[in-house]
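Written below as structure tokens is the structure these notes are about.
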Amino acid sequence: MPGSKTEHQHVAASDIAHHVATKLAEIGQRFTSGRRAIVESLSHAQRPLSIPEILEHTTGLAQSSAYRNLTVLENAGVVVRVITTDEWARFELSEDITGHHHHMVCSVCGSVDDVRIPDGIEEALDAALERVAAKSGFKMAHHRLDVVGVCRACR
């Protein structure tokens, strides 16, 4: 079923580098040390990270280099940009690596947390979204869901 956890394979930590290198090679790019540092930072994070947060977790990576490398990693389909309500986009590894999940976005501070929905609810959500799409003549491939509200710290 599109978007369900069973559709996406969670890549083991030991296989992340190989997966990323393969995806980069498909677009004619190499898995450079800067890209490796970003992927390692994102793979250890429990939530999407902003560029300043990525830079905190890497050494010797300039902000301009982080932007360039994130663009290449996005183009390869291994990093996804999560848009928030503050000035910083957040970045995370793709669902092919991490598994299917959703986000809770704070409309005050812009923080983003990952949230996994139980399989039964995920399947019901998929079915409902497929019905809505079909009514418009749209064929759904998968879904992304961001829940926007106010986090505990901002309340």
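Here are some notes:
- P(r) weight above 26 Å for the chain, C-alpha pairs, percent: 33 percent
- Under Karplus coefficients 6.51, -1.76 and 1.60, residue-wise ³J(HN,Hα) of the stretch 70-84 in Hz, glycine/proline x: 5, 4, 5, 5, 5, 4, 7, x, 9, 10, 10, 8, 10, 7, 10
- Protection proxy ranking of 141-149, 64-72 - average other beta-carbon atoms within 10 Å, highest first: 64-72, 141-149
- With the charge dipole of the stretch 5-149 set up from +1 on Lys and Arg Cβ and -1 on Asp and Glu Cβ about the Cα centre, the Cα lying farthest toward the positive end among the listed residues Val72, Ala133, Val108 is that of Val72.
- Counting only DSSP beta bridges whose two residues both lie in the chain, roughly 70 percent are antiparallel.
- Built amide H within the under 5 Å cut-off of Val115, gap 5+: His102, His103, Met104
- Relative contact order, percent, the chain [alpha-carbon distance under 8 Å, six or more residues apart]: 27 percent
No lab work stands behind these numbers, since they all come straight from the coordinates. Small disclaimer: the values here were computed from a predicted structure and weren't measured. Every residue, glycine as well, gets a Cβ built from its backbone with ideal geometry; the counts of neighbours run over all protein chains shown.
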